[in-house]
Amino acid sequence: MNARLLKFWDLLRGSFWFLPTLMSLAALALALGSVEVDTSMADGWLDDARWAYLAYTGGAAGASQVLSTIAGSAITIAGTVFSMTLVALTLASSQLGPRLLRNFMRDRVNQVVLGTFISTFVYCLVVLRTIRRQDEDMFVPHLAVTLGVVLALASLAVLIYFIHHVAVSIQADTMVTRVGAELLDNIDRLFPQTDPLARLRDRRGRADRQAGTADATRGAAAQIRLPAGFDERADTVASPVDGYLQQVDVMELVVLAKAEGLQLRLERQPGQYLITGQPLLRVWPPGRVDDALRERLLDACVSGDQRTAVQDFEFVVCQLVEVAVRALSPGINDPF
């Protein structure tokens, strides 16, 4: 379950819609809240405010024009920002390699900029529909219109920063630095100095620390600990789908093996491609694997259409190698 949640979170981080959607919902709540504040205030409340000179004090027609202009400009610039992002993606794919596209997709600046203009458009649209122009029933949300102008100025500042950010982010030095930092973080996370199982036992409390001695080993040490005839007699849990093995919840497998009295061997590591029916896990003792246990074992192993850097640090190494090879290729010929 933890592996599936991590996969879902990784997908959200690499999407262009998640953060802009959250910002649009926040803009919707801000618009409704500011209009409600304007509605609850008595007529002429701006006349007594010290900051009244900063607020919008015009009529309904002027407020509609201001909000319409801001909304139209925001959605137009949002299209421009999206176009600039596509241009950056194209340049990065051709010059540095398609594997680096995920770094642009996960770039928070690009997501925040796109969300800023979309949320400004949503805010102005919601406030605009509350303005009433009839003389006997006129309503102008002065505070809400003022906030709309503030959002427009903030969007302008974000646009200027975005242009600078795009110009810097497509440079090879910046991309190599970013990928290199991700590689070092993954190495520290996947191969820590301290025992990860000890940290697991600390999190689960003293009772779990005293419950057993199950652990996980790799390489030749793992093969030595397996019983005789493991390869011939152990039950096989096959991959149910085609795709890359993206994440394995090792801690969950350790806990399950301890609870069921099993020995498990993972046949594939994150980053390798699986074919339906290909062995993914082997289980000892034989004859213990039923449908329920198979489902629990497969839940700890998450597959997908693409490689990710969550547990596959070799994927990040491949990104750096691809940049280096492309730089030395005749088509680009960038020895530096």
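The values are calculated or read from the model by the stated rules, or taken from the named source; none is laboratory data. Since we're looking at a predicted model, the values are computed, not measured. Glycine gets a Cβ as well: all are built from the backbone with ideal geometry, and neighbour counts include every protein chain shown. Accessible surface is based on the protein model in full, side chains and every heavy atom, while ligands, DNA and RNA are left aside. Shrake-Rupley method; radii C 1.70, N 1.55, O 1.52, S 1.80 Å.
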Residues whose built amide H sits under 5 Å from the amide H of GLN247, excluding neighbours closer than 5 in sequence, are VAL302
Hydrodynamic calc, the range 242-285: Kirkwood Rh from Cα pairs, then Stokes-Einstein at 20 °C with viscosity 1.002 mPa s, so D in µm² s⁻¹ is 190 µm²/s
Sorted by chain and then number, the residues having a modelled amide H within less than 5 Å of the amide H of SER239, at least 5 places away or on another chain, are GLY277, GLN278, LEU280
Under the Karplus relation with 6.51, -1.76 and 1.60 and θ = phi - 60°, whole-Hz ³J(HN,Hα) for the range 228-234, x at Gly and Pro, equal 5, x, 4, 5, 7, 10, 5
Note, the range 255-260: 3J(HN,Hα) by Karplus (6.51, -1.76, 1.60, θ = phi - 60°), whole Hz, Gly/Pro = x, goes 4, 5, 5, 5, 5, 9
With all protein chains present, the chain has a carbon and sulfur share of its accessible area (1.4 Å probe) in percent of 60 percent
One finds the C-alpha centres of the range 67-129 and the range 136-160 to be spaced, in Å, by 20 Å
Note: GLU322 to ARG294 extended length (0.36 nm per residue) minus current alpha-carbon separation gives 6.3 nm
Between the Cα axis of helix 108-128 and the main Cα principal axis of the chain, the angle (0 to 90°, nearest 10) is 40 degrees
Expressed in angstrom and ordered largest first, the alpha-carbon extents of the range 55-120 along the principal axes are 55, 17, 12
About its Cα centre, the chain carries a charge dipole, from +1 on Lys and Arg Cβ atoms and -1 on Asp and Glu Cβ atoms, whose size in debye to the nearest 20 is 840 debye
Per 10 angstrom bin, beginning at 0 and ending with the bin that holds the maximum distance, the Cα pairs of the range 261-336 fall in percents of 15, 34, 23, 14, 9, 5
Two pseudo-spin positions, 7 Å from Cα along C-beta at GLU314 and at VAL150, lie apart in nanometres by 5.3 nm
For ARG326, the net charge from surrounding residues (Cβ-Cβ under 15 Å; K, R +1; D, E -1) works out to -2
Quick P(r) readout (the chain; Cα-Cα; 20 Å bins; whole %) gives 23, 38, 29, 10, 1
Relative contact order as a percentage, the chain, C-alpha pairs under 8 Å and 6+ apart, gives 21 percent
Taking Cα atoms only, Rg over Rh for the range 75-192 with Rh from the Kirkwood formula is 1.19
Nearest 10, in degrees from 0 to 90: the angle of helix 2-13 to the longest Cα principal axis of the chain is 40 degrees
Nearest 10, in degrees from 0 to 90: the angle of helix 142-169 to the longest Cα principal axis of the chain is 50 degrees
Surrounding charge for PRO285, neighbours by C-beta under 12 angstrom, Lys/Arg +1, Asp/Glu -1, total +1
Probe 1.4 Å, all chains present, heavy atoms only: ASP38 accessible area in Å², nearest 10, is 10 Å²
